[in-house]
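Q: Structure incoming, see below.
The values are calculated or read from the model by the stated rules, or taken from the named source; none is laboratory data. Computed from a prediction, not measured in an experiment: that's the story for all the values here. Cβ sites come from the backbone with ideal geometry, for glycine too, and all protein chains shown count toward neighbours. For the accessible areas, the whole protein counts, side chains as well, though only heavy atoms, and no ligand, DNA or RNA atoms are used. Shrake-Rupley method; radii C 1.70, N 1.55, O 1.52, S 1.80 Å.
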Amino acid sequence: MFCGCPADYQAAEPNTRTCPVCLGLPGALPVINRRAVEYTVLTGLALNCRIPEFTKFDRKNYPYPDLMKGYQISQYDLPLALDGFLEIDGDTQLGLGRRRIGVERVHLEEDVAKSYDDRGEGYSLVDVNRSGVPLMEVVSKPDMRSAEEARQYLTLLHSIVQYLGVSTGNMQDGNFRCDANVSIRPVGSQILGTRTEVKNMNSFRAVYQALEYEVVRQREVIEDGGAVVQETRGWIEEREVTVSQRSKEYAHDYRYFPEPDLPPLRIGPERVAELAAELPEFAPQRSARFQADLALSGYDADLLAGSRSMANYFETTLTLRDADAAEVANWMLGDLARLLNQDHREIDASPVTPQRLADLLALVADGTLSTSLAKTVLEEMYATGGEPADIVREQGLGQISDTGAIEAAVAEAIAANPKAVADYISGKDTAARFLMGQVMRLTKGQAQPELALRLVQEGLELQKTRGSLEP
Amino acid sequence: MGSSTENSAFFPTRNPWDTGRVPGGSSGGSAAAVSAGAAPFALGTDTGGSIRQPASFCGVTGLKPTYGRVSRYGLVAYASSLDQVGPIARDAADCALILQSIAGHDSRDATSLPDAVPDYSAALTGDISGLRLGVPSEYFAEGMDAGVRAAVTAAIDQLAALGAEIREVSLPTTQYALACYYIIAPSECSANLARYDGVKYGYSHQGDGDMWEAMERTRQHGFGPEVKRRIMLGAFALSSGYYDAYYHKAQQVRTLIRQDFAHVFEEVDALAAPVSPVVAFPIGERTDDPVRMYLVDVYTLPVNMAGLPAMSVPCGFSNGLPVGLQLIGPHLSEDRLLNIAHTYQQATEWHRERPGI
C-alpha cells in the first residue's frame with residue numbers, strides 16, 4: 001500500500017517481500033499506492049457510495065510484534081467512500097423480498113505481518129511479507145436479517161470485486177476476509193441488541209454456519225435469563241462453535257490522528273467521473289442480458305456471467321463465430337469447464353482460446369467433425385494448445401462422409417454379426433443401432449453417424465429382402 | 001532531543017566557547033564540531049529550533065529549509081510534520097553549497113516538494129538594497145538577555161546600513177507557539193518512536209518475563225528521560241477524551257500561526273529577530289526544570305509551526321558567548337535568506353571568530 005513490494009505474500013518464502021518501508025525501519029516513509037486508491041473508489045462507486053472530495057489517512061496506534069511501526073496507517077473519519085448499498089434478493093423464508101443492504105463506508109489501510117504462534121514453545125515467528133499489503137474494508141450497515149441474507153450480500157460483494165479486478169476474492173488464500181457482527185432482539189423491537197463480533201471464518205459456508213450458531217447461542221443465553229456480552233468470538237471450524245476471545249489485555253485506545261507523512265487526497269468530480277466510466281457491467285446485469293438477448297436459461301446465464309473472464313470469453317467466442325449462443329454455452333459449461341476444473345485452472349489460463357473454440361465449432365457445423373469427435377479434438381487442443389484444424393489433419397480425424405467408404409464398413413459389420421441381422425429381420429429395430437455402433441468402431445468413430453445409420457438400415461433392409469427371397 | 005544536547009545517549013557535548021556550558025540543542029554536536037573546527041560543515045535537524053539555536057550558541061551559521069525542501073527519507077522521525085534537515089557551516093556561502101546538494105524532490109518522501117531547486121550560490125549577490133525587513137515586536141519582549149538584545153539590534157542596524165528598509169511588524173500568535181509545539185511534536189513523536197521495542201532491531205533488554213515485559217524494559221532503559229517525557233505527553237494529548245482539547249486544538253492554532261506569517265509576508269520580504277532569548281547556559285542549569293528548558297526555543301518554534309525557512313547568523317557576543325541573528329522568510333525563500341546572511345557576512349566579522357580551543 002505504501003511501498004513497492006509485490007503483494008504475493010502467500011506464494012513467497014517468508015520475509016522475501018520486504019523493504020525498509022513495510023519493515024518499518026527507522027527513517028522509512030510511506031508513499032500512497034495510486035491504483036489501490038483507484039480500486040477503492042471504483043468499489044465505492046460499484047456499491048453506490050458517495051465519494052467525498054477530501055479524504056485522508058490516519059495512524060491507528062497499538063503495540064504488537066506483527067505491527068512493524070507500532071501503528072497501522074488506516075482511515076478513520078474521512079474514508080474514501082461513504083453511504084452506499086447493495087441490492088439482495090432477500091430471505092424469502094422470512095418473507096423478506098428484494099431490498100437494499102446499506103454500506104456504511106469503504107476505506108483503505110495497510111495489512112499487518114503474519115504471526116505464527118504454533119511453531120514452538122516460548123516463541124512466535126513473524127513473516128513480514130504481508131505487512132503493507134493494501135486492505136480495502138467494506139463495512140455494511142446492520143440491515144441483514146439472517147445468515148442467508150449475509151450469504152447473499154457476501155456473494156454479491158464477492159462478484160463485484162472480482163468483476164472489477166480489484167481482488168481475486170479467494171477466502172482460503174486470505175484475499176477476501178469477513179468479520180461479522182451479529183445481535184438478536186425481540187420481534188417488533190426497534191433497538192438493536194448487544195452484538196458480538198465473530199472472526200476466523202474462512203469460507204462463505206463458515207460465515208453462514210457461524211452466524212446461525214451465534215444466533216442460537218445468543219438466544220439460549222437470553223432465554224436462560226442472561227445477557228449477551230459484547231465481545232469478540234472466534235469460529236472454530238472443527239467443532240462448529242464460536243468461542244470467546246476475550247483476553248486479559250485492556251481495550252485499546254487507538255489514539256487516531258491524521259497521518260503526517262501523507263498529504264490528504266482531493267478526488268474531484270471529474271476524476272470520479274473518469275473512474276465511473278471504467279465500471280463494467282456487473283454479473284446480475286450481464287446475466288439478465290444473456291437471458292434476454294441470447295435466450296439462455298437463467299442457470300446457464302448466471303454461470304457464464306459469474307466471472308468477468310468467463311463472460312468475456314463467452315462473448316468473444318460469439319463474435320468470432322456467428323454461433324448459436326446455446327451451443328457455445330454448452331461447450332463452455334460442459335466439456336471445457338470439466339477440463340479446466342480438473343486442473344483447477346481459471347478460464348483465462350485456458351489453452352483453448354475463444355478463437356480456437358470458435359474454429360472447432362465451425363468444423364462441427366460444416367460436417368468435418370461429429371460432436372463426439374469434436375470432444376476428442378477439444379481434449380487434444382486443451383492438452384497441446386494446438387489448432388483444431390491441425391489436429392484433425394494430423395490425426396486424420398475428419399468425418400468420413402464418403403458413402404462408399406462407409407458402405408464397406410457396413411458390409412463388414414453385417415457379415416460379422418449374423419445374429420444382429422437376424423434380430424433386425426425378426427423385428428428388433430434396435431439391432432440397427434448396434435450395427436451402426438460397429439460401423440463407428442470400424443471407422444474409428446469417423447463415420448458420419450447419421451449417414452452410417454442410414455446405410456446400415458439400407459443394408460439391413462437389403463438383407464431382409466434377400467432373406468425373404470430365399471427359398 | 002531537547003535544547004541543550006544534555007539528553008544525548010552518549011554524554012553532554014560542551015560548547016567550544018566555554019566548555020562548562022551547553023552548545024545548545026538538539027544538534028549541539030554538529031554545531032560544536034563546526035565551531036571547534038573539527039568539521040568544515042555538518043548536518044542537523046530542526047524540528048523546533050534544533051539547527052538554529054545550537055548554531056547561535058556556538059557562533060556558526062545554520063539554516064532550516066522550508067518544510068519539504070529536503071527529503072526526510074532516512075531521517076529517524078521525531079515530529080513528522082515539523083522535521084527538516086539542514087546545514088550548519090562557517091558561513092552562508094558554505095550553507096548554500098550544502099543546501100544545493102541536499103535539496104530537491106524525493107519520490108520516497110510524500111511530503112517532499114516538487115518545486116525546482118534554484119542555484120543558491122548564484123543568489124549570493126551581496127546586494128540587499130530595497131529589501132523590506134520586518135522586525136516582529138513580540139520577539140523583543142521582556143525576559144531577553146540584555147546582551148542578546150544589544151547584539152541583535154546592532155545587527156538589524158547593520159542590515160539597514162546595507163540598504164534594507166526596516167519595518168516594525170506584529171505576530172500576535174507568537175505566545176501560543178510554545179504550547180502548540182509541545183502538543184503536536186510529542187504527539188507525532190509518541191507514534192514515531194513506537195517501533196523501538198527491541199523486537200526487531202536496536203537495543204533490546206533481555207531478561208526474565210514475557211514479551212510485553214521485555215518491551216517495557218527495553219523502552220524504560222533505552223530511552224532517556226526527555227524522550228520518555230515527550231512520549232508520555234504525546235500519548236496523553238492524543239488519548240480518547242483529550243484529543244479534541246489538545247491535539248486538534250493545537251493544529252487549529254497552528255493554522256493561525258501560519259496565517260500570521262503569511263499576512264506579515266505581504267508587507268515584508270523577510271523577518272529579523274533573535275534566535276534565543278539567552279546565550280549558552282551552564283551545563284546542568286536547566287535540566288531540573290523541563291519547562292524552563294523549553295522556553296529557550298520560544299523564537300524558533302513558530303517557524304516550524306508555519307513550515308518556513310529560517311537561518312541563524314552569528315551577530316556578536318554577550319559576556320563572551322555567541323549571539324545569533326534569526327532571519328525568517330516566506331516558503332521557499334532560502335535563496336533570499338542566504339543572500340541576506342551573505343551580504344551581512346561580507347560587511348561583518350562575527351562569523352570569522354573562533355573559540356580559543
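Q: Quickly run through segment B:272-296 and pick out the residues that are in contact with a helix residue (DSSP H, G or I) (Cβ under 7 Å, 6 or more places away or on another chain) and open to solvent by less than 10 Å² (accessible area, probe 1.4 Å).
A: Within segment B:272-296, B:272, B:273, B:274, B:275, B:276, B:280, B:296 meet the criteria.
Q: Just wondering, is there one or more residues in segment B:183-191 that are under 18 Å from the mean Cα position of the chain (by Cα), under 29 Å from residue B:322 (Cβ atoms) and either aliphatic (A, V, I, L, M) or part of a loop (DSSP other than H, G, I, E, B) (or both)?
A: yes
Q: Among the residues of segment A:31-67, count how many are over 31 Å from the mean Cα position of the chain (by Cα) and either hydroxyl-bearing (Ser, Thr, Tyr) or within 7 Å of chain B (Cβ to nearest Cβ) (or both).
A: Count: 8.
Q: Sticking with this one: Could you please give the count of residues in segment B:112-147 that are within 14 Å of chain A (Cβ to nearest Cβ) and surrounded by fewer than 18 Cβ atoms within 10 Å (Cβ to Cβ)?
A: Going residue by residue through segment B:112-147, those that are within 14 Å of chain A (Cβ to nearest Cβ) are B:112-114.
From what's left, surrounded by fewer than 18 Cβ atoms within 10 Å (Cβ to Cβ): B:114.
Summing the residues that are within 14 Å of chain A (Cβ to nearest Cβ) and surrounded by fewer than 18 Cβ atoms within 10 Å (Cβ to Cβ) in segment B:112-147 gives 1.
Q: Could you list all residues from segment A:17-30 that are crowded, with 19+ Cβ neighbours inside 10 Å, within 14 Å of chain B (Cβ to nearest Cβ) and part of a loop (DSSP other than H, G, I, E, B)?
A: Passing the criteria: A:18, A:24, A:28, A:29, A:30.
Q: Now, a different point. Within the bounds of segment A:319-333, is there any residue that is open to solvent by 70 Å² or more (accessible area, probe 1.4 Å), part of a helix (DSSP H, G or I) and within 22 Å of residue A:392 (Cβ to Cβ)? Before the answer, list the steps.
A: Taking segment A:319-333 as the starting set, the residues that turn out to be open to solvent by 70 Å² or more (accessible area, probe 1.4 Å) are A:319-320, A:322, A:324, A:330.
If we keep only those that are part of a helix (DSSP H, G or I) as well, we get A:319-320, A:330.
Those left that are additionally within 22 Å of residue A:392 (Cβ to Cβ): A:320, A:330.
Within segment A:319-333, one or more residues are open to solvent by 70 Å² or more (accessible area, probe 1.4 Å), part of a helix (DSSP H, G or I) and within 22 Å of residue A:392 (Cβ to Cβ).
Q: Residues in segment B:36-43: is at least one open to solvent by less than 30 Å² (accessible area, probe 1.4 Å), more than 14 Å from chain A (Cβ to nearest Cβ), touching a residue at least 60 places away in the same chain (Cβ under 8 Å) and under 20 Å from residue B:350 (Cβ atoms)? I'd like the intermediate steps shown before the answer.
A: Step one: list which residues in segment B:36-43 are open to solvent by less than 30 Å² (accessible area, probe 1.4 Å), which gives B:39, B:42.
If we keep only those that are more than 14 Å from chain A (Cβ to nearest Cβ) too, we end up with B:39, B:42.
Of the ones still in play, those that are also touching a residue at least 60 places away in the same chain (Cβ under 8 Å) are none.
No, there is no match, as no residue in segment B:36-43 is open to solvent by less than 30 Å² (accessible area, probe 1.4 Å), more than 14 Å from chain A (Cβ to nearest Cβ), touching a residue at least 60 places away in the same chain (Cβ under 8 Å) and under 20 Å from residue B:350 (Cβ atoms).
Q: So which residues in segment B:300-348 are over 22 Å from residue B:164 (Cα atoms) and not β-branched (Val, Ile, Thr)?
A: Result: B:301, B:302, B:304, B:305, B:306, B:307, B:317, B:318, B:319, B:320, B:321, B:322.
Q: Here's a follow-up. What is the number of the single condition among (1) more than 30 Å from residue A:84 (Cβ to Cβ); (2) within 14 Å of chain B (Cβ to nearest Cβ) that residue A:6 does not meet?
A: Checking residue A:6 against (1) more than 30 Å from residue A:84 (Cβ to Cβ); (2) within 14 Å of chain B (Cβ to nearest Cβ), the one that fails is (2).
Q: For segment A:96-114, give me the residue count where each residue is more than 13 Å from residue A:144 (Cα to Cα), assigned to a loop (DSSP other than H, G, I, E, B) and either free of Cβ contacts under 8 Å to residues at least 24 places away in the same chain or away from chain B (no Cβ under 14 Å) (or both).
A: 1
Q: Related question: Which residue out of A:371, A:465, A:443 is surrounded by fewer than 13 Cβ atoms within 10 Å (Cβ to Cβ) and within 52 Å of the chain's Cα centre (by Cα)? Write out each step before concluding.
A: Values: A:465 fails: within 52 Å of the chain's Cα centre (by Cα); A:443 fails: surrounded by fewer than 13 Cβ atoms within 10 Å (Cβ to Cβ).
That would be A:371, the only listed residue that is surrounded by fewer than 13 Cβ atoms within 10 Å (Cβ to Cβ) and within 52 Å of the chain's Cα centre (by Cα).
Q: Further question: Can you name every residue in segment A:273-294 that is of a type in the set (A, V, I, L, M) and in contact with a helix residue (DSSP H, G or I) (Cβ under 7 Å, 6 or more places away or on another chain)?
A: Initially, segment A:273-294 is screened for residues of a type in the set (A, V, I, L, M), giving A:273, A:275-277, A:279, A:283, A:288, A:292, A:294.
Of everything in segment A:273-294, those that are of a type in the set (A, V, I, L, M) and in contact with a helix residue (DSSP H, G or I) (Cβ under 7 Å, 6 or more places away or on another chain) turn out to be A:275, A:276, A:279, A:283, A:294.
Q: Within segment B:1-60, how many residues turn out to be under 17 Å from the mean Cα position of the chain (by Cα), farther than 16 Å from residue B:281 by Cβ and of a type in the set (Phe, Trp, Tyr)?
A: Number satisfying all stated conditions: 1.
Q: Taking helices (runs of 4 or more DSSP H) that do not extend beyond segment A:365-471, which have at least 2 residues that are in contact with a Lys or Arg (Cβ under 6 Å, 6 or more places away or on another chain) and modelled with pLDDT under 85? Let's see the steps before the verdict.
A: Values: elements: A:371-384, A:388-395, A:403-416, A:418-425, A:430-442, A:449-469.
No helices (runs of 4 or more DSSP H) qualify here.
Q: Just name the residue that is nearest to the other protein chains (Cβ to nearest Cβ) out of those in segment B:66-76 that are open to solvent by less than 20 Å² (accessible area, probe 1.4 Å) and touching a residue at least 60 places away in the same chain (Cβ under 8 Å). Spell out how you get there, then give the answer.
A: Residues of segment B:66-76 open to solvent by less than 20 Å² (accessible area, probe 1.4 Å): B:66, B:68-70, B:72.
Pick out the ones that are also touching a residue at least 60 places away in the same chain (Cβ under 8 Å) and you get B:66, B:68-69.
Numbers: B:66: 15, B:68: 10, B:69: 15 Å.
Checked segment B:66-76; the qualifying residue nearest to the other protein chains (Cβ to nearest Cβ) is B:68.
Q: I've got another one for you. Any residue at all in segment A:233-240 that is over 27 Å from the mean Cα position of the chain (by Cα) and not aromatic (Phe, Trp, Tyr)? Quick ask: steps written out before the conclusion?
A: As a first pass, look at segment A:233-240 and keep what is over 27 Å from the mean Cα position of the chain (by Cα): A:233, A:239.
With the extra rule that they be not aromatic (Phe, Trp, Tyr), the set shrinks to A:233, A:239.
Yes.
Q: Of the residues in segment B:298-333, how many are in contact with a helix residue (DSSP H, G or I) (Cβ under 9 Å, 6 or more places away or on another chain) and within 23 Å of residue B:256 (Cα to Cα)?
A: Looking only at segment B:298-333, we keep the residues that are in contact with a helix residue (DSSP H, G or I) (Cβ under 9 Å, 6 or more places away or on another chain), and these are B:298-319, B:321-331.
Filter once more, keeping what is within 23 Å of residue B:256 (Cα to Cα): B:298-311, B:326-331.
The qualifying residues number 20.
Q: Which one of the conditions (1) within 29 Å of the chain's Cα centre (by Cα); (2) open to solvent by 20 Å² or more (accessible area, probe 1.4 Å); (3) over 21 Å from residue B:81 (Cα atoms) does residue A:101 fail to meet, given that it meets all the rest?
A: Unmet for residue A:101, out of (1) within 29 Å of the chain's Cα centre (by Cα); (2) open to solvent by 20 Å² or more (accessible area, probe 1.4 Å); (3) over 21 Å from residue B:81 (Cα atoms): (2).
Q: What is the number of the single condition among (1) within 14 Å of chain A (Cβ to nearest Cβ); (2) surrounded by 22 or more Cβ atoms within 10 Å (Cβ to Cβ); (3) of a type in the set (D, E, K, R); (4) in a helix (DSSP H, G or I) that residue B:230 does not meet?
A: Unmet condition: (1).
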